[in-house]
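J.: This structure is in structure tokens; I'll ask about it shortly.
The values are calculated or read from the model by the stated rules, or taken from the named source; none is laboratory data. Nothing here was measured: the structure is a model prediction, and the numbers come from that model. Heads up, the Cβs are rebuilt from the backbone with ideal geometry, glycines too, and the neighbour counts pull from every protein chain shown.
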Amino acid sequence: MPSTPRTYTAISTLGADGRPAHFITAQPVGAVVIQQFGTRPERFLLTDVQLADGSFVAEPLDRYL
């Protein structure tokens with residue numbers, strides 16, 4: 001059964017407008033998705049942690065290597 005789409009905030013990532021980067025996906029919690037906000041694609045882990053704005057946390061994976 002497909003998941004309901006959720007809005008995610010990419011932690012420590014800014015969009016082109018200088019605000020926190022957001023994206024929408026129906027992938028399940030625990031999935032790793034690829035998003036591009038700057039010059040290169042980056043992997044994010046989807047979590048079930050909800051922020052005050054109602055979005056959920058997407059943890060960047062490639063920065064921790």
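J.: Tally the residues that are of a type outside the set (A, V, I, L, M) and more than 12 Å from the chain's Cα centre (by Cα), restricting the search to the stretch 6-27.
T.: Of the residues in the stretch 6-27, 3 are of a type outside the set (A, V, I, L, M) and more than 12 Å from the chain's Cα centre (by Cα).
J.: For the stretch 51-65, give me each residue that is touching a residue at least 40 places away in the same chain (Cβ under 8 Å) and either assigned to a strand (DSSP E or B) or closer than 18 Å to Arg6 by Cα (or both). Show your work before the answer.
T.: From the stretch 51-65, those touching a residue at least 40 places away in the same chain (Cβ under 8 Å) are 51, 53-60, 63; that's our starting set.
Selection gives Leu51, Asp53, Gly54, Ser55, Phe56, Val57, Ala58, Glu59, Pro60.
J.: Here's something else I'd like to know. Does Arg63 fit the bill of being out of contact with any Gly (no Cβ under 6 Å at 6 or more places or on another chain), modelled with pLDDT under 95 and among the basic types (Lys, Arg)?
T.: yes
J.: Kindly establish whether Thr7 is in contact (Cβ under 8 Å) with a residue 40 or more places away in the chain and either in contact with a helix residue (DSSP H, G or I) (Cβ under 6 Å, 6 or more places away or on another chain) or surrounded by 10 or more Cβ atoms within 10 Å (Cβ to Cβ) (or both).
T.: yes
J.: What are the residues in the stretch 26-50 that are of a type in the set (Ser, Thr, Tyr) and in a strand (DSSP E or B), if any? Walk me through it before giving the result.
T.: In the first step, residues of the stretch 26-50 are kept if they are of a type in the set (Ser, Thr, Tyr); the result is 39, 47.
Once the filter is applied, which keeps residues that are of a type in the set (Ser, Thr, Tyr) and in a strand (DSSP E or B), the stretch 26-50 yields only Thr47.
J.: Another question, if that's okay. Name every residue in the stretch 10-25 that is without any contact (Cβ under 8 Å) to a residue 12 or more places away in the chain and either part of a strand (DSSP E or B) or closer than 10 Å to Ala58 by Cβ (or both), in order of residue number. Outline the logic, then answer.
T.: Kept after step one, since they are without any contact (Cβ under 8 Å) to a residue 12 or more places away in the chain, are these residues of the stretch 10-25: 17-20.
Across the stretch 10-25, the qualifying residue is only Pro20.
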